[in-house]
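A short worksheet on the structure shown next.
The values are calculated or read from the model by the stated rules, or taken from the named source; none is laboratory data. None of these values were measured; they are calculated from a predicted model. Note that we place each Cβ from the backbone using ideal geometry, even for glycine, and neighbour counts take in every protein chain shown. The accessibility values were calculated without ligands, DNA or RNA, using every heavy atom of the protein model including side chains. Shrake-Rupley method; radii C 1.70, N 1.55, O 1.52, S 1.80 Å.
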Amino acid sequence: MATKIADDRQGIQSIEVGFRLLDVLASTNRPMMLRDIAKGAGMPAAKAHRYMVSFLRIGIVEQEISSGRYDLGAYALNLGLSGLGRLDPVRLSGPILDALCEDIQETVALAVWGNHGPTIVRIVDAGAPITITLRAGTVLSLSKSASGRAFSAFYRSPYLKKMLDEELREAAESSDTAITTLRRQLEKTLTEIRTRGISRATGSLTPGINGFSAPVYDHSGTMVAAITSLGAVGEFNVEWDSPLVKTILAAARALSERLGYRPNADTLSA
């Protein structure tokens with residue numbers, strides 16, 4: 001769905017000026033005195049007061065009786081919740097995935113958590129000579145794929161651990177390896193992934209194919225998707241500090257921010 005972007009058409013300047021006050025309140029995350037709001041918005045306190053009176057009347061701000069401090073009101077919360085309800089990571093990922101594919105010249109995809117685990121829902125094919133056998137609806141391994149490892153490291157679900165245990169049990173039986181050994185190996189891998197903020201798979205799921213996958217978060221800090229890039233061994237840089245990794249992380253950060261996430265210093269850092 002296309003959306004309009006603000007241009008130079010004539011608007012109502014007083015509305016734009018007033019929203020500078022709301023932006024100060026929203027970015028501070030605490031009740032504020034009028035003088036501090038006005039200073040943050042770069043306007044005289046008397047002028048700011050007139051706007052705040054109108055905002056109080058419609059309920060977009062509220063004022064503490066004891067201290068006189070202002071904060072965002074119930075109507076602001078309703079607007080925020082309504083906006084969040086319209087945020088769809090699959091829809092919003094389109095332009096971001098297209099730009100990422102064009103930038104890195106590798107196939108990229110978006111995975112979400114489905115009924116059977118990490119599931120590919122959107123793919124942008126770079127058209128490389130080697131075809132990546134991946135399609136929408138593909139369910140990925142939690143322990144072997146880049147997308148699956150991203151969910152194993154960052155996603156919170158009561159079902160994930162059970163599914164991961166079942167996958168490791170099957171792997172232990174087929175490889176005649178102790179399941180405790182596989183668990184230790186995977187936990188070591190997941191620890192590194194959490195440290196790096198991005199997962200990596202080097203030909204462990206599909207021979208000859210490497211991948212990176214970065215988590216995407218919503219406004220509550222919950223992982224809701226993973227942006228994954230895949231490429232052929234020998235051409236796809238798998239170094240943790242490569243420009244490729246930084247570009248994928250930046251794309252995941254951009255989609256997370258579109259979903260209302262405000263990252264801390266230790267999350268989604270490139």
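Here are a few things to note about the model shown:
- Using a Gaussian network model of the chain in which every pair of alpha carbons under 10 angstrom is joined by a spring, one finds that among ASN115, ASN29, ASN210 the greatest mean-square fluctuation is at ASN29.
- In the elastic network of the chain, a GNM with C-alpha springs shorter than 10 Å, the most mobile of GLY137, GLY231, GLY197 is GLY137.
- Using a probe of 1.4 angstrom and keeping all protein chains present, the accessible surface of the chain works out to 57 square angstrom per residue.
- Tail fraction, Cα-Cα pairs, the range 118-254, threshold 24 Å, whole percent: 28
- Across the alpha-carbon set of the chain, the Rg to Rh ratio works out to 1.10, Rh being the Kirkwood radius.
- Gained length - GLN63 relative to LYS144, 0.36 nm times residue gap less alpha-carbon distance: 23.8 nm
- For the chain, a crude dipole built from +1 on the beta carbon of Lys and Arg and -1 on the beta carbon of Asp and Glu, taken about the Cα centre, is about 860 debye to the nearest 20.
- For the chain: relative contact order, % (alpha-carbon pairs under 8 angstrom, 6 or more apart): 15
- Report summary: the helix-based calculation at 222 nm, which adds -39500 (n - 2.57) for every DSSP H run with n ≥ 4 and divides by the residues of the chain, gives -15000 deg cm²/dmol.
- Projecting the Cα atoms of LEU56, GLY73, ILE123 onto the charge dipole of the chain, computed from C-beta unit charges around the Cα centre, puts LEU56 farthest toward the positive end.
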